[in-house]
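Below is one structure, written out as structure tokens, with a few remarks after it.
The values are calculated or read from the model by the stated rules, or taken from the named source; none is laboratory data. Computed from a predicted model, the values in this text were never measured in an experiment. Every residue, glycine as well, gets a Cβ built from its backbone with ideal geometry; the counts of neighbours run over all protein chains shown.
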Amino acid sequence: MLERLYKRLIPFWDQFQNPTVRGRYGALTGTFGLIINILLAAGKILVGSLSGSMAITADGFNNFADAASSVIALISFKLATKPADHKHPFGHARIEYIAATIVGLMTLLIAFEIGKSAIQKIISPEPVQFSWLYAVVLAVSILLKLLMFYVNRKTGKMIDSKVMEATAIDSISDVGVTSGVLLSLLFSPFLSFPLDGVIALIVALFIVKAGYDILKDTFNALIGERPSKALENNILRYIRENPLVLGVHDLVVHDYGPGRTFTSAHVEVDAAKDILELHEAIDSIERELAEKEGISLVLHMDPIVVDDPKINELRNQIDALLRQIDPLLSMHDFRVMPGRNRTNLIFDVEVPPEYESTDAELKERIDREVREIDPHYYTMIAFDRSFIDLKPTLE
């Protein structure tokens, strides 16, 4: 049903990487959230004042913070659609991450203020007045927050938006919070225990958890996290499908926000092939990935000798030796330079960034193993700390 609505309201609705389309999604969901949260905040703060319930008032201010978050989301989507300029050649899409960070910080601030008031309410409890009208307001609030969770979660996954996913997390947290507040309203008038203050404090803790989750996700995106395995595999698939590509390594993915993915890689090609044919093949891979996935790719060619049986056999020996040391190690750009008294084996070894052994320790062990094959072999190794996940996975 939601997709049918988007089809009617948003031109080119399924072009999720298009900044203009993303901006329209943000405007729709942001406006929807803003209206709902303003209504809920006003209703709960009024009901909290009339009933004397700190828990309901706290929940109302929580919704007020959500309304402010909706405003921030609207502004961020507008700014994120700005095209690249001289100072920002990669565009402005990361503004979404900054906006989500502001949402998280605001959420923690609201939680702190609610927590202080809740503790005061526990120390000095006041009677809570019950009314079925107040209960209906809270019940309607739960239903509306469930609707907001559904809209933001589904839309956030559709267009890969950190802001919407953060809003969805906050909405489902609000469902649990308001449910607790409703229980407080029902039972507080009959208890001497300061249930209302305790529920208000629990509300504050829920809000803290929501704020922490939002900040954790957005900080990872801003710092620069490893690309998903699905994205890695998708990029590698496009590269490896070309028959002239013999191998690929040194894949690097830069995320400048949704719809702003830039990546580079090295590809091994047959040194005996025509350079113009190889160049055309590389261009076609880059062009296809840009047109079909919206990903900017730059490839570097590494020509290797593939028609020398002796070099091929030696390459296989060294590759097997590395994998015997550790399955996470891999080799590329293998070359052989014979000399009068020794033969230099030149190659790169790719290792995970968190690998425990140092480059010097790995070099020493590899040299020891290589000289067992032939004492005249000497290695010249460049160690690459990989930017992608080298752990083997089940397809």
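Across the range 236-251, the qualifying residues are those that are in a helix (DSSP H, G or I) and not basic (Lys, Arg), and the one among them that is farthest from residue 282 (Cα to Cα) is 236. Residue 7 meets each of the listed conditions (1) over 21 Å from the mean Cα position of the chain (by Cα); (2) part of a helix (DSSP H, G or I); (3) at pLDDT below 80 apart from (3). When 210, 230 are checked against the criterion of being within 21 Å of residue 107 (Cα to Cα) and either outside the structural domain of residue 72 (by TED's automatic domain parsing) or touching a Gly at 6+ places or on another chain (Cβ under 9 Å) (or both), a single residue qualifies: 210. Out of 117, 70, one residue alone is in contact (Cβ under 8 Å) with a residue 12 or more places away in the chain and under 25 Å from residue 21 (Cβ atoms). It is 70. If you check residue 186 against the conditions, is it surrounded by 14 or more Cβ atoms within 10 Å (Cβ to Cβ) and within 37 Å of the chain's Cα centre (by Cα)? No: the conditions fail for residue 186. Those strands (runs of 3 or more DSSP E) of the range 255-338 that lie entirely within it include none in which at least 3 residues are surrounded by fewer than 19 Cβ atoms within 10 Å (Cβ to Cβ), in contact with a Ser or Thr (Cβ under 6 Å, 6 or more places away or on another chain) and of a type in the set (A, V, I, L, M).
Taking the range 261-300 only, how many residues are of a type in the set (Lys, Arg) and more than 30 Å from residue 15 (Cα to Cα)? Adding up the residues that qualify gives 1.
What do you reckon, is residue 201 part of a helix (DSSP H, G or I), at pLDDT 80 or above and loosely packed, with under 15 Cβ neighbours inside 10 Å? Considered against the rule, which asks whether it is part of a helix (DSSP H, G or I), at pLDDT 80 or above and loosely packed, with under 15 Cβ neighbours inside 10 Å, residue 201 comes out as no.
Pairs linking a residue in the range 168-191 that is in contact (Cβ under 8 Å) with a residue 40 or more places away in the chain to a residue that is surrounded by fewer than 19 Cβ atoms within 10 Å (Cβ to Cβ) and polar (S, T, N, Q), with Cβ atoms under 8 Å and 6 or more positions apart or on different chains, are 189/129.
For every residue, the table says whether it meets (1) over 28 Å from residue 107 (Cα atoms); (2) crowded, with 20+ Cβ neighbours inside 10 Å; (3) without any contact (Cβ under 8 Å) to a residue 12 or more places away in the chain.
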{"site": "18", "(1), (2), (3)": "yes, no, no"}
{"site": "28", "(1), (2), (3)": "no, no, no"}
{"site": "37", "(1), (2), (3)": "no, yes, no"}
{"site": "40", "(1), (2), (3)": "no, yes, no"}
{"site": "47", "(1), (2), (3)": "no, yes, no"}
{"site": "53", "(1), (2), (3)": "no, yes, no"}
{"site": "79", "(1), (2), (3)": "no, no, no"}
{"site": "88", "(1), (2), (3)": "yes, no, yes"}
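Just one of the numbered conditions (1) under 30 Å from residue 88 (Cβ atoms); (2) in contact with a strand residue (DSSP E or B) (Cβ under 8 Å, 6 or more places away or on another chain); (3) not hydroxyl-bearing (Ser, Thr, Tyr) is not true of residue 291: (2). For residue 343, are the conditions met, namely being more than 30 Å from residue 280 (Cα to Cα) and touching a His at 6+ places or on another chain (Cβ under 9 Å)? Taking the combined requirement at face value, the residue satisfies it. It is to be established whether one or more residues within the range 355-373 are outside the structural domain of residue 236 (by TED's automatic domain parsing), surrounded by fewer than 16 Cβ atoms within 10 Å (Cβ to Cβ) and closer than 23 Å to residue 246 by Cβ. No, the range 355-373 contains no residue that is outside the structural domain of residue 236 (by TED's automatic domain parsing), surrounded by fewer than 16 Cβ atoms within 10 Å (Cβ to Cβ) and closer than 23 Å to residue 246 by Cβ.
Considering only residues in the range 126-139 that are of a type outside the set (Val, Ile, Thr) and either surrounded by 19 or more Cβ atoms within 10 Å (Cβ to Cβ) or within 15 Å of residue 207 (Cα to Cα) (or both), the one that is modelled with the lowest pLDDT turns out to be 134.
Results for (1) in a helix (DSSP H, G or I); (2) surrounded by 19 or more Cβ atoms within 10 Å (Cβ to Cβ); (3) touching a Gly at 6+ places or on another chain (Cβ under 6 Å), shown as yes or no for each residue.
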{"residue": "164", "(1), (2), (3)": "yes, yes, yes"}
{"residue": "176", "(1), (2), (3)": "yes, no, no"}
{"residue": "193", "(1), (2), (3)": "no, no, no"}
{"residue": "219", "(1), (2), (3)": "yes, no, no"}
{"residue": "234", "(1), (2), (3)": "yes, no, no"}
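Within the range 342-370, the set of residues being of a type in the set (Ser, Thr, Tyr) and either part of a helix (DSSP H, G or I) or in contact with a helix residue (DSSP H, G or I) (Cβ under 6 Å, 6 or more places away or on another chain) (or both) is empty.
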